[in-house]
Amino acid sequence: MRIVQLAPGSGGGFYCENCIRDAMLVRQLHRLGHEAVAVPMYLPGVAEQSDTIQGPVFFGGINVWLQQHLGLFRKTPRWVDRWFDRPGLLRMAAKKAAMVNARELGRTTISMLEGADGRQVKELDRLLDWLAAADNKPDVVILSNALLAGLAGPIRRRLDCTVACLLQDEDGFVDGLGVPWAQQVWELMRQCAADVDLFIAVSRYYKTLMAEKLSLKPERIQCVYPGLDVDAYQPAVQKPETLTIGFLSRMCKEDGLDILVDAIAILAESDEFNSVRLKICGGQTAADISYVQTIREKLQSCGLAENVEWVDDFGIESRKSFLQRISLMCVPVRKAAAYGLCVLEAMACGVGFVEPKAGVFEELAQLSGAGVLYEPNEPAALAEAIRPLLSDRGAVMQMGQKARQAIESHFDIRKTSQSLIKLLEGVRR
């Protein structure tokens, strides 16, 4: 099959789980013998996509913003738009721009879901023309998430091809838009869902959640776990002597770095546990700078700065090295996660996890026996979950062994991708 995946890019400024997952999926589909092409949207793709077949950037982030706010740019010729779509300029914009306000973001999201009736119709027409070209025309288009569902109807009408949609963490973004934007976006997504042939959720938890959010019958959503190239990850030959907790995610409030630091500070109050170490990796956006500075200041004031290592490089090889030098993974997200790629990557390297008792983490703990769960958003509860592991090296090692076994059994991308292909063939037009 010729498969085109439309996937938003992140600009490469932080560890974007969805971007990395999309890149790994396209690569594996290609390995299975399908003509799989990654088409980035908004911003360039991540480094993991460098060895995949890629199309040009569509709906470039700068052009989307200009067309949303200034009517003139809805009529400009392509040579003008092309100047704003230059990858270097888009990456620069991604690094320098802080988060826009909810009102602005909500209106743009609504416009994108309106498809041909939205303000970015010029971008939509360009995408459809590219997809319709003989060399590009797909059998299946995979939308990376339901926020792109406004493209489903126009693609099906123009190309008469199958449109599948992955479901991965849309709820956090949409609910974060607030009133009245969140309600309007959910309603538009429900309307657009009628044009999607198949929804694929990243976990059983998320299948149930999104069936309710999108008012879909359960049979319209299938669950296929995200997979990893198991052979590309290996457990460390020797684990750290001192219990070392790893945080691998964007360094932001939503992902709970401050909760982890507060828990470490609680543990450090006892002389018995003041040697616990913390490694932090994952990058940040311009909007996170002041937050991260506050974290650094707190570590300094608590006398813990020397116990913390900040790792700037979150590319795949650096991540593997990072994961082999930690004892446990902990990203205390404030909102329930759909699949937690950071935890899956840690598990592939033989590392167990301590995570909130919410979302997919309950599912992963049940599947693997490699995790310890605590009441969400409570630093004291997190500290108490970690405390027994500080003096029980055997338990930590056993968690790591179970973690690796679970990845091999349930999250091998060779198996998960074949499951996905079987589902796509079942709905192919």
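The values are calculated or read from the model by the stated rules, or taken from the named source; none is laboratory data. From a predicted model like this one, the values you see are computed outputs, not experimental measurements. No Cβ is skipped: glycine too gets one built from the backbone with ideal geometry, and neighbour counts run over all protein chains shown.
Q366 falls short on exactly one of the conditions (1) over 25 Å from L243 (Cα atoms); (2) polar (S, T, N, Q); (3) free of Cβ contacts under 8 Å to residues at least 24 places away in the same chain, and that condition is (1). Can you find even one residue in segment 286-297 that is among the polar types (S, T, N, Q), surrounded by 15 or more Cβ atoms within 10 Å (Cβ to Cβ) and touching a residue at least 12 places away in the same chain (Cβ under 8 Å)? No.
The listed residues are K239, K253, K207, and the only one of them that is touching a residue at least 24 places away in the same chain (Cβ under 8 Å), closer than 30 Å to I289 by Cβ and basic (K, R) turns out to be K253.
Right, A263: under 26 Å from N377 (Cβ atoms) and crowded, with 21+ Cβ neighbours inside 10 Å or not? For A263, the condition - under 26 Å from N377 (Cβ atoms) and crowded, with 21+ Cβ neighbours inside 10 Å - is met. Residue count for segment 386-403 satisfying the condition of being free of Cβ contacts under 8 Å to residues at least 40 places away in the same chain and under 17 Å from Y339 (Cα atoms): 0. Within segment 319-337, if we keep just the residues that are among the small types (G, A, S) and out of contact with any strand residue (DSSP E or B) (no Cβ under 7 Å at 6 or more places or on another chain), the residue that is nearest to Q234 (Cα to Cα) turns out to be S321.
Among the residues of segment 314-331, is there at least one that is in a helix (DSSP H, G or I), in contact with a helix residue (DSSP H, G or I) (Cβ under 8 Å, 6 or more places away or on another chain), surrounded by 20 or more Cβ atoms within 10 Å (Cβ to Cβ) and touching a residue at least 40 places away in the same chain (Cβ under 8 Å)? Yes, because at least one residue in segment 314-331 is in a helix (DSSP H, G or I), in contact with a helix residue (DSSP H, G or I) (Cβ under 8 Å, 6 or more places away or on another chain), surrounded by 20 or more Cβ atoms within 10 Å (Cβ to Cβ) and touching a residue at least 40 places away in the same chain (Cβ under 8 Å). Among the residues making up segment 350-407, those that are among the small types (G, A, S) and under 18 Å from I266 (Cα atoms) are A380, A381, A383, A385, S391.
If the condition is being under 17 Å from L90 (Cα atoms), at pLDDT 85 or above and surrounded by fewer than 16 Cβ atoms within 10 Å (Cβ to Cβ), then segment 30-77 contributes only P56.
Please specify each residue of segment 162-180 satisfying the condition of being in contact with a helix residue (DSSP H, G or I) (Cβ under 7 Å, 6 or more places away or on another chain) and farther than 24 Å from C19 by Cβ. Across segment 162-180, the qualifying residue is only G178. Among residues that are among the charged types (D, E, K, R), touching a Gly at 6+ places or on another chain (Cβ under 6 Å), surrounded by fewer than 23 Cβ atoms within 10 Å (Cβ to Cβ) and not assigned by TED's automatic domain parsing to the domain that holds R319, D85 is included.
V343 meets all of the listed conditions (1) buried (at least 22 other Cβ atoms within 10 Å of the Cβ); (2) under 18 Å from L267 (Cα atoms) but one, namely (2). Considering each residue of segment 362-383 in turn, at least one proves to be on the phi > 0 side of the Ramachandran plot and either surrounded by 15 or more Cβ atoms within 10 Å (Cβ to Cβ) or touching a strand residue (DSSP E or B) at 6+ places or on another chain (Cβ under 9 Å) (or both).
Contact map, segment 404-419: first residue over 15 Å from A232 (Cβ atoms), second residue in a helix (DSSP H, G or I), Cβ cut-off under 7 Å, separation 6 or more or different chains; pairs are A406/M347; A406/L367; A406/S368; H410/L367. Taken together, A211, A232, A201 contain a single residue that is out of contact with any Gly (no Cβ under 6 Å at 6 or more places or on another chain), surrounded by fewer than 18 Cβ atoms within 10 Å (Cβ to Cβ) and more than 22 Å from W310 (Cα to Cα), which is A232.
Looking across segment 259-269, just one residue is in contact (Cβ under 8 Å) with a residue 40 or more places away in the chain and among the charged types (D, E, K, R), and that is D262.
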